[in-house]
Amino acid sequence: MALLVIRHAESVENADKYHGFYQDPRPYTGAVAHTISRTIVGLTPHGFRQAQWLAGVLPKLSGPTPHVYTSTYRRTIDTAAIALPDLPDGWPRQTTLLDEQHYGDATYMTKRELFDSYPELAEDRRLRKHRWTAPAGGESLAEGVLNRATEFATLAQAELQESTTVVAFTHHTAAVALRSLLEACPLPEILAEERKGKMPNAAILHYELRDGRFTRTGTSTPPV
């Protein structure tokens, strides 16, 4: 019984992050920025090819009847649609448990704007990023995202009573939280590892459910 955690394929935000999205000053409010991130940001041509690569490898990993979940963001939904186009009716299912970390009013803010607007958050953002809580309705990685990851892991374990494989199309922050939880490794250690080499777009983390616990068994990454 397997759980496959997949970061969405390359999005236009990933490819043009510091030219198109993080303008200084930011030309829109936090609420508008979050709506853009959730509903508009799609895949680049390279991301499309990464999703096609997933379509070539996932059937062998997931088997014929996986239970497939995506976040509610367009970039994960599009990745899943290309990677697994022949799923039965009702799949994939969208869940907020796999959503990107909600950055609230800080969505697409540069660090300068963030620290000028919310100086009281500067120290946590610099030194304890995993505990920093985004302003105006946002969430921290250590609480909000990790709590959602915990709920999804419970869901996946229950789903594996009916299916041999659960596939989760998600985002970098949620994948980090899932790694911390499933691998019983503190978030600061996972983040330190990620600073050395960030999980690539369209990468697949392989876990197996053994005696009621998930065990990491491998990683698949797309060609450069």
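Quick look at the numbers
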item: GNM top mover of TYR73, TYR118, TYR108 - the chain, alpha-carbon springs below 10 Å; result: TYR118
item: Phi-based couplings in Hz for segment 30-38 (Karplus 6.51, -1.76, 1.60; Gly and Pro marked x); result: x, 5, 5, 4, 5, 5, 4, 4, 7
item: Cα pair distances of segment 33-149 binned at 10 Å [whole percent]; result: 13, 34, 29, 18, 6, 0
item: Whole-Hz ³J(HN,Hα) from phi, Karplus 6.51 cos²θ - 1.76 cosθ + 1.60, for segment 92-102, glycine and proline x; result: x, 10, 8, 9, 5, 4, 9, 5, 4, 4, 7
item: Under 5 Å, built H, 5+ apart or other chain: amide partners of VAL167; result: LEU4, HIS67, VAL68, TYR69
item: Cα pair distances exceeding 18 angstrom across segment 1-68, given as percent; result: 52
item: Cβ charges +1 (Lys, Arg) and -1 (Asp, Glu), total dipole of segment 1-88, debye; result: 100
item: Listed peptides 183-196, 94-107, 135-148, 165-178 by packing density, highest first (mean Cβ within 10 Å); result: 165-178, 94-107, 135-148, 183-196
item: Per residue solvent-accessible surface (Å²) - the chain, probe of 1.4 Å; result: 48
item: Cβ charges +1 (Lys, Arg) and -1 (Asp, Glu), total dipole of the chain, debye; result: 480
item: At 1.002 mPa s and 20 °C, Stokes diffusion of segment 49-97 via Kirkwood alpha-carbon radius, µm² per second; result: 195
item: Additional length obtainable on full extension of the chain from LYS17 to ALA158, 0.36 nm per residue less Cα span; result: 47.0 nm
item: Distance from segment 147-219 to segment 64-104 (C-alpha centre basis), Å; result: 15
item: Top of PRO119, PRO92, PRO66 by mean-square fluctuation, Gaussian network on the chain, Cα under 10 Å; result: PRO119
item: Placed amide H near GLN94: partners under 5 Å, 5+ positions off or other chain; result: THR70
item: For segment 75-224: Kirkwood Rh in Å [reciprocal of mean 1/r, alpha carbons]; result: 16.9
item: Estimated translational D of segment 150-197 in µm²/s (Stokes, Kirkwood radius over Cα pairs; 20 °C; 1.002 mPa s); result: 182
item: Helix-derived mean residue ellipticity, 222 nm - over the chain, DSSP H n ≥ 4, -39500 (n - 2.57), to 500; result: -11000 deg cm²/dmol
item: Contact order relative to length of segment 1-113, as percent, for alpha carbon pairs under 8 angstrom and 6 or more apart; result: 37
item: Residue (of THR39, THR110, LEU84) at the positive-pole extreme of segment 31-143, dipole from beta-carbon charges; result: LEU84
item: Kyte-Doolittle mean at least -0.5, axial Cα span of 20 Å or more - DSSP H helices of the chain; result: 45-62
item: Segment 43-177, relative contact order in percent, only Cα pairs under 8 angstrom and at least six apart counted; result: 33
item: Karplus-derived HN-Hα couplings along segment 22-29 (A = 6.51, B = -1.76, C = 1.60, θ = phi - 60°), whole Hz, x at Gly and Pro; result: 9, 6, 10, x, 5, x, 8, 7
item: Computed over segment 148-214: relative contact order in percent, which uses C-alpha pairs under 8 Å that are six or more apart; result: 31
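The values are calculated or read from the model by the stated rules, or taken from the named source; none is laboratory data. All figures in this text were calculated on a predicted structure; none of them were measured in a lab. For neighbour counting, all protein chains shown are included, and Cβ atoms are generated from backbone atoms with ideal geometry for every residue, glycine included. Side chains are part of the model used for accessible areas, which takes the heavy atoms of the whole protein and leaves out ligands, DNA and RNA. Shrake-Rupley method; radii C 1.70, N 1.55, O 1.52, S 1.80 Å.
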